[in-house]
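Below is the structure I would like to discuss, written out as structure tokens.
The values are calculated or read from the model by the stated rules, or taken from the named source; none is laboratory data. The shown structure was predicted, so the numbers you read here are calculated from the model rather than taken from an experiment. Cβ coordinates were reconstructed from backbone atoms using ideal geometry, including for glycine residues, and neighbour counts include every protein chain displayed. Heads up: the accessible areas ignore ligands, DNA and RNA and are worked out on the full protein's heavy atoms, side chains in. Shrake-Rupley method; radii C 1.70, N 1.55, O 1.52, S 1.80 Å.
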Amino acid sequence: MFKNNFKTALRNLSKNKMHSFINIAGLSFGMAVAMLIGLWIYDEVSFDKYFDNYNRIAKVIQNVTNNGEVQTWTAVPYPLADELRKNYGSDFKHIVMVINWGDHIIDINDKKFKDNGGYFEKEAPEMFSFKMLQGNREGLNDPASVMISESAAKAYFGNENSINKIIKMDNQPPVKVTGVYEDFPRNSTLAGLNFVSTVDFLTNIDSGFRTMPDPWRPNFTTLFVQLNANADINKVNARIKDAKLKRVNPQLAKKKPALFLQPMDKFHLYSEYKNGVNAGGAIQYVWMFGTIGVFVLLLGCINFMNLSTARSEKRAKEVGIRKTIGSLRSQLIIQFFNESFLTVLFAFALSILLVQLTLPFFNLVSNKQMSILWTNPFFWLLGFGFAIITAIIAGSYPAFYLSSFQPVKVLKGTFKAGRFAAVPRKVLVVLQFTVSVILIIGTIVVYRQIQVAKNRPVGYTRAGLISIPGMNQNMHDHFNALKNELLKTGVIASVAEAESPTTGIWNSTSGISWPGKDQNLSTDFGVVNGSLDYGKTIGWKIKEGRSFSKDFASDSSAFILNEAAVRYMDLKNPLGTILTWWDKKYTVVGVVENMVMNSPYDEVTPAIYSVLNYAGNITILKINSNATTKDALSKIEPIFKSFNPDQPFSYTFVDEDYEKKFMNEERVSKLASFFAILAVAISCLGLFGLTSYVAEQRKKEIGVRRVLGASVLNVWNLLSKDFVMLVAISFIIAVPLAYYLMNNWLQNYHYRAELSWWIFLAAGIGSLIITIVVVSFQSIKAAIANPVKSLRTEG
């Protein structure tokens, strides 16, 4: 029985090649998209589950009140780790402070590497369940020790045993390798962490930790904790809430710092906070792409259902004959489900092939390292379950609909599908194109949001700016000599030293007072310290007053404010205003146009600019307009190496650094575009198939009309108008839905694009053109066919 049903199903599929191709292609595209999105979602929701203690690890973060709003800071003061150990230790199994987590210079026998790492407290390997390949997790008990990742060990020492090897970090005293751990996966908080040294080592060699005038003031450490098994996170939050507030000075107490724990399962997907309350984060994309995956799969199922019911008259005689010779309706239902399962099986196999072929591209766009989970039983269980459900959904309507035909009417030729038989097909076509139009509109809006932010005036000149990290005290002391050497090359127009890059503000202060300030107000201003030529080098735009100048010795006690700071302080005549920074007086000598230095989607941070009087972190160069980048780099590299031989020469282009701020949105845009194109393609496949069957069903009518003088245009209009009307209805439904969805998405950005009417019109016109092109192919083909053939055959 099963064998016969299978043979019959296979015969029907091979007999109707076009129908089978459209069904299998549409379903496989839909299933491939759903599978890709499923792998992406799996990667997202399994973020950080690499760690054994995943459910008990948290990060200590704080809410502070600044400028009239609650801000959430992920950095905390240096003494907080000891404070939690001494007074709240019963709640925690491990407390691990991290300092200077980022890129560092690694020196191994005068061979230098730039690598990512940080200084962790000794319990880190145990808390983060390091998978040790050499050594053990107690390796950081010795302060002068370091653990390195497997990939770092390979890069540093090749195939040699790494244990007890000596390395130097940032030209500091040497440390000994005591362990090699397995690389952390990309979907983890510690991804790319290639070395871990000890906080004790850093604090022992840097006297600044012991001589800090107020160690509770700066926030520069990251603090992780592991809760005890019996600790309740909500109760712990209530206990530690005021741990910092009790220790800070009265000025900082105005910020009302409130500590709380962010669980590890919230690190990635729920990382955004607004006004002190969690506002989601990457979870919005999980829901968005998950919804897209469901709908794109549904589009493939709709194609199957539509094309199968459209063929009902073609298979009506088959059903009539089968029933006449004794087939039961249940047997016919099984037969049609067999065809559905066979179609889905072929589509499932093809979808896996498509996923395997497109995964490299998908990984590149999504910045992941996903692969098909070949050895995971759950993947196959889910995959086949997914295929079975799809087969049932896709085959249910044709199975029950076709099997209901009455054999007497069918064989007498009096069978008619009924006036409402086409209604379900039309509804499904409308649903298909509604989804497609929404995806088209969404893709345009995401792209527009990126472009609007990219084209936002930034207040300085990015072109030709190079940012070179690694400024140290020796370079600062000889900065004028370095500057002169660079200018002598003729390829550099200007040189400046800065505390932070032009694409970020690394420092802030709450110690600014001005005439008329409410003394109970807690404030926070961005602080940008640069050399005298900082403004000239980056090309900032002075609105009032002047830039810093060597001609004014008093500029060491001068401020330049941005427009946001002037507006926040409500200074009517800012020039000459005396501001107090903690206990020192500064005079405002200029006002600069707002510069976008943080997120291009947010308001510009109120900021103050002052003259740098200590070693900065960055050297900023402006390339001469008549010099090529290649020539400039070749000439400046030996100069930097001569002034800083202990560090490899590295650089970034400021315009590229700025472009990186759009990476997340551009990734979403590319993925959305990819899925929108596939959704439209699947809809078009279905539309193509439906048009071909409508043309086939009406071929005698078309033949008669052609014989009676109907033109090609008349026939095209006859076959096309219904489909054009359905797409128009889809557009009417899609517009308000798309507006609602995209307007909500745009609310995540302060600086955002407008939902202009032309976006919706363009999507509507685009979908209409696609419809006309697809329908026209079959319509014109039917119109130009020889009418004699269609009238001569029985059909």
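List the number of the failed condition for residue 189; all other conditions in (1) in a loop (DSSP other than H, G, I, E, B); (2) under 27 Å from residue 469 (Cβ atoms); (3) of a type in the set (Val, Ile, Thr); (4) more than 33 Å from the chain's Cα centre (by Cα) hold.
Looking at each condition in turn, residue 189 falls short on (4).
Would you check which residues across the stretch 117-154 are open to solvent by 20 Å² or more (accessible area, probe 1.4 Å), outside any loop (DSSP other than H, G, I, E, B) and within 14 Å of residue 166 (Cα to Cα) and list them?
Result: no residue meets the conditions.
Starting from residues that are of a type outside the set (Asp, Glu) and surrounded by fewer than 18 Cβ atoms within 10 Å (Cβ to Cβ), keep the ones in the stretch 169-186 and report whichever is nearest to the chain's Cα centre (by Cα).
Taking the candidates together, the pick is 186.
Do you know which of the residues in the stretch 558-595 that are surrounded by 15 or more Cβ atoms within 10 Å (Cβ to Cβ) and touching a Lys or Arg at 6+ places or on another chain (Cβ under 8 Å) is farthest from residue 606 (Cα to Cα)?
If we take residues in the stretch 558-595 being surrounded by 15 or more Cβ atoms within 10 Å (Cβ to Cβ) and touching a Lys or Arg at 6+ places or on another chain (Cβ under 8 Å), then 589 is farthest from residue 606 (Cα to Cα).
Out of all the residues in the stretch 374-385, is one or more modelled with pLDDT of 80 or more, in contact with a Lys or Arg (Cβ under 7 Å, 6 or more places away or on another chain) and open to solvent by less than 40 Å² (accessible area, probe 1.4 Å)?
Within the stretch 374-385, not a single residue is modelled with pLDDT of 80 or more, in contact with a Lys or Arg (Cβ under 7 Å, 6 or more places away or on another chain) and open to solvent by less than 40 Å² (accessible area, probe 1.4 Å).
Same structure again: Within the stretch 271-288, count every residue that is touching a Leu at 6+ places or on another chain (Cβ under 7 Å) and among the hydrophobic types (A, V, I, L, M, F, W, C).
Residues flagged as touching a Leu at 6+ places or on another chain (Cβ under 7 Å) and among the hydrophobic types (A, V, I, L, M, F, W, C) within the stretch 271-288 amount to 3.
Within the stretch 49-62, how many residues are surrounded by fewer than 21 Cβ atoms within 10 Å (Cβ to Cβ) and in contact (Cβ under 8 Å) with a residue 24 or more places away in the chain?
Qualifying residue count, the stretch 49-62: 9.
On the given criteria, is residue 537 among the polar types (S, T, N, Q) and farther than 22 Å from residue 465 by Cα?
No.
Right, another one. Looking at (1) among the aliphatic types (A, V, I, L, M); (2) closer than 16 Å to residue 297 by Cβ; (3) at pLDDT below 85, find the lone condition where residue 354 falls short.
(3)
Pick out, from the stretch 557-639, the strands (runs of 3 or more DSSP E) lying fully within it that include 2 or more residues that are under 31 Å from the mean Cα position of the chain (by Cα).
The qualifying strands (runs of 3 or more DSSP E) are 618-623.
Condition (residue is over 30 Å from residue 721 (Cβ atoms), part of a loop (DSSP other than H, G, I, E, B) and open to solvent by less than 20 Å² (accessible area, probe 1.4 Å)) applied to the stretch 653-663: is it met by at least one residue?
Within the stretch 653-663, none of the residues are over 30 Å from residue 721 (Cβ atoms), part of a loop (DSSP other than H, G, I, E, B) and open to solvent by less than 20 Å² (accessible area, probe 1.4 Å).
Could you check the stretch 616-650 and list, in sequence order, the residues that are surrounded by 15 or more Cβ atoms within 10 Å (Cβ to Cβ), more than 15 Å from residue 472 (Cβ to Cβ) and small (Gly, Ala, Ser)?
Residues satisfying the conditions are 627, 632.
Which one is nearest to residue 520 (Cα to Cα) among residues in the stretch 231-250 that are open to solvent by 80 Å² or more (accessible area, probe 1.4 Å), outside any loop (DSSP other than H, G, I, E, B) and out of contact with any Phe, Trp or Tyr (no Cβ under 8 Å at 6 or more places or on another chain)?
Across the stretch 231-250, the extreme among qualifying residues is 250.
If we keep just the residues of the stretch 540-556 that are surrounded by fewer than 18 Cβ atoms within 10 Å (Cβ to Cβ) and part of a helix (DSSP H, G or I), which is modelled with the lowest pLDDT?
That would be 553.
Yes or no: the stretch 267-274 includes at least one residue that is farther than 22 Å from residue 61 by Cα and of a type in the set (Lys, Arg).
no
Among the residues of the stretch 586-610, write down those that are over 19 Å from residue 753 (Cβ atoms) and either free of Cβ contacts under 8 Å to residues at least 60 places away in the same chain or of a type in the set (Phe, Trp, Tyr) (or both).
Passing the criteria: 586, 587, 588, 589, 590, 591, 609.
Name the residues in the stretch 452-471 that are open to solvent by 50 Å² or more (accessible area, probe 1.4 Å) and either farther than 17 Å from residue 624 by Cα or charged (D, E, K, R) (or both), would you?
Once the filter is applied, which keeps residues that are open to solvent by 50 Å² or more (accessible area, probe 1.4 Å) and either farther than 17 Å from residue 624 by Cα or charged (D, E, K, R) (or both), the stretch 452-471 yields 455, 457, 462.
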